[in-house]
Amino acid sequence: MTTVAAKPATMAQALTRALRDAMADDPAVHVLGEDVGTLGGVFRITDGLAAEFGEDRCADTPLAEAGILGAAVGMAMYGLRPVVEMQFDAFAYPAFEQLASHVAKMRNRTRGTLPLPLTIRIPYGGGIGGVEHHSDSSEAYYMATPGLHVVTPATVADAYGLLRAAIASDDPVVFLEPKRLYWSKDSWNPERPSPVEPIGRAVVRRSGRSATLLTYGPSVAVCMEAAEAARAEGWDLEVVDLRSLVPFDDETVCASVRRTGRAVVVHEAHAFGGPGGEIAARVTERCFHHLEAPVLRVAGFDVPYPPPMLERHHLPGVDRILDAVGRLQWEAES
Amino acid sequence: MTVMEQRGAYRPTPPPAWQPRTDPAPLLPDAEPHRVLGTEAAAGADPALLLRLHAELVKGRRYNAQATALTKQGRLAVYPSSTGQEACEIAAALVLAERDWLFPSYRDTLAVIARGVDPVEALTLLRGDWHTGYDPREHRVAPLSTPLATQLPHAVGLAHAARLQGDDVVALAMVGDGGTSEGDFHEALNFAAVWQAPVVFLVQNNGFAISVPLAKQTAAPSLAHKAVGYGMPGRLVDGNDAVAVHEVLADAVRHARAGGGPTLVEALTYRVDAHTNADDATRYRGDDEVETWRRHDPIALLEEELTRRGLLTEDAVRGAREDAEAMAADLRARMNEDARLDPMDLFAHVYAEPTPQLREQRDLLRAELAAEAEAETAPTTGTGRTTGTAASTEGPR
């Protein structure tokens, strides 16, 4: 057996590979969206799929997000496994009624007779200098809608594994792609891609003893950087990559927080009503007697996503994370 | 010197020649709605079809009356009656082959049962024991859709998927006049036309979106005229003429099945009853208008033709009436039984596998139910409090 060495690959390449492998494995997998065909998507994630599988399997649609998702519902009702691309986070809002009223509820309202195995890919988050409506972190809306799975990869290997798992899932999955990580590289072996894990497991990216950073998607890399920088302060930070927001991996998260006794939730989305509030509440409910300090949140400000020249002030960076960790220590000492 | 004079010899480049993509003329609806009953064409209508339509219309009218009565008895939370619109409902169900799919809106219970769904199962949404009482796959009937027009893109996607797989399946999607103002109506029609999907859109224009009349809903010459903007034929039909509706829909279904793409059919009809039992229709329309439409009743129109041709025999009338009464009696009896509900069903169908969070909540409910059952068998013991909590908090260290 020949072994192929792992080589640097981008998250975008891993996502493309996942779509290609899923389409090759199962003729029911259909990709549809605006620009996904000839152009290969504005981020080129669907590059080559129309050429390889034909324009019926990878279809350019009219520019209408509710129509795209609504049509995908009907396709899934007829036995296909549609993978829908929403071009940008804020462009997915017209499809929200389809998502909330039908996609999330169809299995439930039909007592399991009409499950919808469909995947909704949404490039999300900021940090790429996008203009207005191109950088939203809208995960809280999806998390707040029972019936949906919500996942987001932070590594090249996870991008492949999670997307395969999402497409294989018999339930609808909102697959949030951190667009600023599209071109991040990692050592990855496309000949032996990581196994398709069931959705719903968090992973400890870095173990440490002083405090846990609970994070996901685009903020994982920032937290890893913060954890390295924290060593200078004598802090040994653990970084947990949630990977799946729904279902939520209480087990991995709580095991970590009980070990470290301190936790900071880090994400780009707004703090107020954002994912961090839910996560902090869950951690507090389960780990209260192990906590040396309140669970803190480091999040985007409660402002509409700022213009590109100001976004660096909005996005949680290493310093803001370290300040929060510092406050954890202070709370413990006071 | 003007700018134009300064430019002197400037000659604008002529734009490339413009050609319409499709000749719009054949897509436009006829000036008059299609009618068969009361015209010479009625003589050519198949007697068996006339009698079938009649029996189904009579049964449908009876169902509407019975369901309305059930709301008054508190057995249904609400019932949006389709009295006056039975011709559209029945024709929609009868033109479809078994393999075809129906995508109904909340008012289309009659089309759903005419498709073979159990009359009680068709009412569970309105009774409140479950959202969809029937298996959509078994009958190829999508769940009754309460949000407006959102089921139309589903019909397009399903029909498209079927065609991709080589199945000659047609989807018939029903919507009201108010629903045509929704974005999903537009997106569905546009997708269907671009994909040439085998879909028939049936708009039942019954005059009002709850209380808002058509004049405040659209400025289009007719709702059928909207079709030309998408590149599909629009057909206008008298929605109270069962034979005409059947003819137009059957035509559109044949056209779709043959690969001709979608059709938009507007049926002109009237909602004789109020929107639902929660609505006071006297606030927005006069009795005169309702009376005018009552005189254009779909059953009466059909009976005139049947009488003229000697088909409305006593046997036929009695048969239709007895079938309708039997259906109503059965519906009444079964709807008067209390629904048996399993509270654990709350968690059964949210995901293929319940999330850990749902498993915790399921355990909580199970504990609550066990405590309730215990309290019922031994009413003097305990406080009835349950021990479980949704979030299993940790104990003291």
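In order along segment B:152-164, phi translates into HN-Hα couplings of 5, x, 5, 4, 5, x, 5, 5, 5, 4, 4, 5, 4 Hz, rounded to whole numbers, per the Karplus curve 6.51 cos²θ - 1.76 cosθ + 1.60 with θ = phi - 60° and x for Gly and Pro.
What the phi angles of segment B:210-218 give under the Karplus curve with 6.51, -1.76 and 1.60, with θ = phi - 60°, is a coupling list of 6, 10, 8, x, 4, 4, 8, 9, 8 Hz, glycine and proline written as x. Across every direction, the projection of the convex hull enclosing the Cα atoms of segment A:88-223 has a mean area of 9.7 nm². How many percent of DSSP beta bridges within chain B run antiparallel, rounded to 5? So the antiparallel bridges in chain B amount to around 10 percent. Per residue, segment A:187-228 exposes 45 Å² of solvent-accessible protein surface, assessed with a 1.4 angstrom probe and all protein chains in place. Would you work out which of B:A250, B:A142, B:A215 lies farthest towards the positive end of the dipole of segment B:116-258, given +1 charges on the beta-carbon of Lys and Arg and -1 on that of Asp and Glu, about the Cα centre? Selected residue: B:A215. Determine the sum of side-chain charges near B:V141: Lys and Arg each +1, Asp and Glu each -1, restricted to other residues whose C-beta is under 13 angstrom from that of B:V141. Residues near B:V141 contribute -4 overall. Counting only residues at least eight positions apart within a chain, or on another chain, the lysines with an alpha carbon under 24 Å from that of A:K7 are A:K179, A:K185.
Ordering B:G157, B:N190, B:T313 by Cα displacement along the dipole of chain B toward the positive end leaves B:N190 in first place; charges were set at the Cβ atoms of Lys, Arg (+1) and Asp, Glu (-1). Accessible surface buried by the B/A pair amounts to about 4200 Å², both sides summed, 1.4 Å probe. Scanning chain A for chymotrypsin sites (Phe, Trp or Tyr not before Pro) in DSSP loops with at most 15 neighbouring Cβ atoms within 10 Å leaves A:1-182 as the longest stretch between them. Near A:S138, the amide H atoms lying under 5 Å from its own belong to A:G125; only residues 5 or more places off or on other chains count, and H is placed 1.01 Å from N.
Given +1 at the Cβ of Lys and Arg, -1 at the Cβ of Asp and Glu and no other charges, the dipole of segment B:35-142 around its Cα centre is 320 debye to the nearest 20.
Placing pseudo-labels 7 Å out from each Cα toward the beta carbon at A:D170 and B:D167 gives an inter-label distance of 1.8 nm. Where q = 0.11, 0.21, 0.22 Å⁻¹, what log10 of I(q)/I(0) comes from the Debye formula for segment B:125-265, counting one point per Cα? Debye output, listed in q order: -0.40, -1.36, -1.44.
Counting Cβ atoms of other protein chains within 10 Å of each residue's Cβ and taking the mean over peptide A:283-295 gives 2. Peptides A:315-322, B:198-205, A:192-199, B:60-67, ordered by how many other C-beta atoms sit within 10 Å of their residues on average, highest first, read B:198-205, B:60-67, A:315-322, A:192-199. Note that chain A, at 25 °C in a medium of 0.890 mPa s, gets a Stokes-Einstein diffusion coefficient of 121 µm²/s from its Kirkwood radius over C-alpha pairs. Based on C-alpha pairs under 8 angstrom that are at least 6 apart in sequence, chain A has a relative contact order of 15 percent. Can you classify chain B as rounded, prolate or oblate using the Cα gyration tensor, where a ≥ b ≥ c are the square roots of its eigenvalues, rounded means a/c under 1.5, and otherwise it's prolate if a/b beats b/c and oblate if not? Because a/c hits 1.5 or more and a/b fails to exceed b/c, chain B counts as oblate. Expressed as a whole number of Å, what is the distance separating the alpha-carbon centroids of segment B:71-111 and segment B:317-374? What the calculation gives is 22 Å, centre to centre. Heavy-atom accessible surface of chain B, averaged per residue, reaches 48 Å², computed with a 1.4 Å probe.
Computed over chain B with a Gaussian network model linking Cα atoms closer than 10 Å, the most mobile of B:L189, B:L70, B:L49 is B:L49.
Pairwise Cα separations in segment B:79-178 fall into 5 Å bins from 0 onward with the following percentages, short to long: 2, 14, 25, 26, 19, 9, 3, 1.
Seen from every direction in turn and averaged, the convex hull around the alpha carbons of segment A:39-154 projects onto 7.8 nm². Model label sites at A:E251 and A:R327, defined 7 Å from Cα along the beta-carbon direction, differ in position by 3.3 nm.
When only Cα pairs below 8 angstrom with a gap of at least 6 residues are kept, segment B:1-133 shows a relative contact order of 17 percent.
For segment B:4-134, the Kirkwood estimate of hydrodynamic radius, built from reciprocal distances between every pair of different alpha carbons, is 19.0 Å. Principal axis extents of the C-alpha atoms in the protein assembly as shown (largest first, rounded to whole Å): 104, 99, 66. Taking amide H as placed 1.01 Å from N in the peptide plane, the amide H of A:V29 sits under 5 Å from that of A:R81, each at least 5 places away or on another chain. By the rule of a C-alpha distance below 22 Å, with chain neighbours fewer than 8 residues away ignored, the lysines paired with B:K72 are B:K59.
Structural descriptor for chain B: relative contact order 21 percent, calculated from alpha carbon pairs under 8 angstrom and at least 6 residues apart. Quick check: from the Cα gyration tensor, does segment B:185-308 come out rounded (a/c under 1.5), prolate or oblate? Because a/c hits 1.5 or more and a/b fails to exceed b/c, segment B:185-308 counts as oblate. Please say if segment B:185-252 is rounded, prolate or oblate, where rounded means a/c under 1.5 for a ≥ b ≥ c the square roots of the C-alpha gyration tensor eigenvalues, and otherwise the choice is prolate for a/b larger than b/c and oblate otherwise? It is oblate, given that a/c is not under 1.5 and a/b is not larger than b/c.
Where does the charge balance sit around B:E325 when Lys and Arg score +1, Asp and Glu -1, over other residues with C-beta under 11 Å from its C-beta? Here the count lands on +2. With a Förster radius of 60 Å applied to the C-beta separation of B:R318 and B:A17, the computed FRET efficiency comes to 0.35. In straight-distance terms, cross-link reach from B:K216 covers every one of the aspartates and glutamates whose alpha-carbon lies under 18 Å from its own, apart from those fewer than eight places away in the same chain; here that gives B:D177, B:E182, B:E266, B:E289.
The values are calculated or read from the model by the stated rules, or taken from the named source; none is laboratory data. In this text the structure is predicted, and so the values were computed from the model without any measurement. Quick reminder, even Gly has a Cβ in these numbers, built from the backbone with ideal geometry, and neighbours come from all protein chains shown. Only protein heavy atoms, including side chains, enter the accessible area calculation; ligands, DNA and RNA are left aside. Shrake-Rupley method; radii C 1.70, N 1.55, O 1.52, S 1.80 Å.
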